Amino acid sequence: MATNGSKTNGTTSRSRTGIKVIVVGAGFGGLGAAIECHRQGHNVEIYEAFPELKQLGDIISFGPNAGRIFYRWADGEIVRRMRPLSIDLTKYGFNIHKYDTGEIVINQPTPKYSVEAPNFNGHRGELHEVVFNYARDDLGIPRNRISTYFEDENESGIVLETGTKVSADVVIAADGVRSKARKTVLGYEDKPKSSGYAVWRAWFPNKDMIADPLTAQFCENGDTFNGWIGPDMHFLFSTIKNGSDCCWVLTHPDEHDIDESWSFPGKLSEVKEAIKDWDPMCTRIVSKTPEEMLVDWKLVYRDPLPTWVSPKARILLLGDSAHPFLPTSAQGATQALEDGVCIAVCLRRGGKENVPTSVRAHEKIRYERVRATQKTGESTRDMWHKTDWAKVKENPEIIQFPRQDWIFDFDTEKNAEEMYDGVVEGLSEV
Ligand SMILES: Cc1cc2nc3c(=O)[nH]c(=O)nc-3n(C[C@H](O)[C@H](O)[C@H](O)COP(=O)(O)OP(=O)(O)OC[C@H]3O[C@@H](n4cnc5c(N)ncnc54)[C@H](O)[C@@H]3O)c2cc1C
């Protein structure tokens, strides 16, 4: 299971650091952290609870700041595998409609494709499978549910459900929004709460859409992306794979208690009721959805955690376990990947003797950026849900999906390398 530093899948590992890293969770966050720790020369073990890879979910977005990370894996091979699975909006762009009249307020052009920092929008399960298989072929991914985490001054570890104890120099808890490590890190139970919104989401083949002359337009000339923006709701609709599949998401207010579960079967009648006063095209699209493909996804949120690092600094929360994002940021998975790059660099820079310092340095390097990016999920949602249409008439550009350079142009590996020494110096002064 442990990695040996050989050349694998085109990725040359650096010299070995001797640092043993346990990664819990094989979502994008855990897989990214494992792959990056391997790249930086650490010995990695991944543990994942799900018994088999399932193509769960629907659309997921990765910004160029994630593409830059993927591009470094297997000499660009991972990007080459992900590209055909992703929406291509080079020609179409993003049509933003007013919710009631349906008029296209603006067509937001798609940014130029960058080979070294591509962005991806595709089926979560399909893109996940590419990354999962890459990590599994290099690292192995045993199926094991983790019961608890532990640490002392010299090591940290996990206890599997079977009772087996495994220890390492550091444990990266990438076990999602319900992370079991959070209590060890924080010292108290921190429950997820409702964000006040849920998302109806669906992904299905376009057969009925093509048969209807009014919706066939979305399936005939390549991939498309349209959004209807209205009071306290927004509806995003894409056709993908040259028009053969489609997906839509409708964010709507929801105050359900999400203590036990956050994904429920959706009811088409409820969706139709919610958009009954909207552009009839929205109902037409929704009507094509097979009800069994509809999910009502409760958007779980958390107040920012005061820390992602355990008291002895040998357990680190990463990805959603540290900081869940609203989908309107389109950065949840990307920031999880950035985390993995940063901790891998910090551990190499600090070496085996200084693991706790490296873990603390990672948090210092990442915390403010993650928080600022997280806030864009709220600001974009509020911008769309509380639109001043008179102002949009004067300047339609204000309703565009924000594409901030400080998010997208960021090279997290370069940043971690540049900041590490200064941050560690600052830590020793405290
Ligand atoms: C099933 C699912 C579907 C999703 N669909 C979408 C989507 O369609 N669009 C979107 O934008 N975002 C989606 N997300 C969220 C998105 O994937 C995350 O925001 C982002 O990828 C962060 O990933 P992560 O690795 O931090 O967490 P997660 O993706 O939640 O991964 C956590 C992993 O840890 C594993 N795990 C949890 N507890 C244990 C344990 N005790 N022992 C061992 N392993 C454990 C889980 O099985 C899971 O694989 C989905 C998440 C999940 C879990």
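Read-outs throughout are calculated quantities, based only on the coordinates presented, and are distinct from any laboratory measurement. Remember, predicted model here, so these are calculated numbers, not experimental data. We place every Cβ from the backbone using ideal geometry, glycine too, and count neighbours over all the protein chains shown.
Side notes on the structure shown:
- What the pair-distance distribution of region 117-248 shows, using all Cα-Cα distances binned every 5 Å from zero, is 2, 7, 11, 13, 12, 12, 12, 10, 8, 6, 4, 2, 0, 0 percent.
- Computed over region 193-301, the quotient of the alpha carbon radius of gyration and 2.2 N^0.38 Å is 1.07.
- Bridgeable aspartates and glutamates around residue 393 (alpha carbons under 20 Å apart, same-chain partners fewer than 8 residues away excluded): 100, 103, 232, 279, 382.
- Options 49, 330, 300, ranked by Cα towards positive dipole end of the chain, top entry (Cβ charges): 49
- Pair-distance profile P(r), taking every C-alpha pair of region 78-153, with 10 angstrom steps and integer %: 14, 27, 25, 17, 12, 4, 0
- Of the residues 234, 117, 107, the one whose Cα sits farthest towards the positive end of the charge dipole of the chain is 117 (charges of +1 on Lys and Arg Cβ, -1 on Asp and Glu Cβ, taken about the Cα centre).
- Here residue 165 is the anchor, and the lysines within straight C-alpha reach of less than 17 Å, apart from those fewer than 8 places off in the same chain, are 20, 180.
- Between 403, 72, 83, the residue with the greatest mean-square fluctuation in the GNM of the chain (Cα pairs under 10 Å linked by springs) is 403.
- Between 387, 412, 164, the residue with the greatest mean-square fluctuation in the GNM of the chain (Cα pairs under 10 Å linked by springs) is 164.
- Relative contact order computed over region 193-301 (Cα-Cα under 8 Å; 6+ residues apart), in percent: 39 percent
- Long-range lysine pairs (8 or more apart or interchain), region 264-376, Cα under 17 Å: 7
- Cα pair distances exceeding 17 angstrom across region 379-430, given as percent: 60 percent
- Distance histogram for region 284-404 (every C-alpha pair counted, 5 angstrom bins, percent rounded to whole numbers): 2, 10, 16, 15, 13, 13, 11, 8, 6, 4, 2, 1, 0
- Short-range pairs are left out: with C-alpha atoms under 8 Å and at least six residues apart, the relative contact order of the chain is 20 percent.
- Summed over qualifying helices (DSSP H, 4 residues or more, each -39500 (n - 2.57)) and divided by its residue number, the chain shows a 222 nm mean residue ellipticity of -10500 deg cm²/dmol.
- Each residue of the chain gets 141 Å³ once the volume of the Cα convex hull is shared out per residue.
- Look at the dipole of region 193-301 built from charges on Cβ: of 199, 219, 278, the Cα furthest out on the positive end belongs to 219.
- Distance in nm between pseudo-label sites at residue 267 and residue 305 (7 Å out along the Cβ direction from Cα): 3.6 nm
- Computed magnitude of the charge dipole of the chain (debye, nearest 20; Cβ of K, R +1, Cβ of D, E -1): 700 debye
- Quarter of Cα convex hull surface for region 27-132, i.e. mean projection, nm²: 8.5 nm²
- Largest-first principal axis extents, alpha carbons of region 226-359, Å: 63, 38, 27
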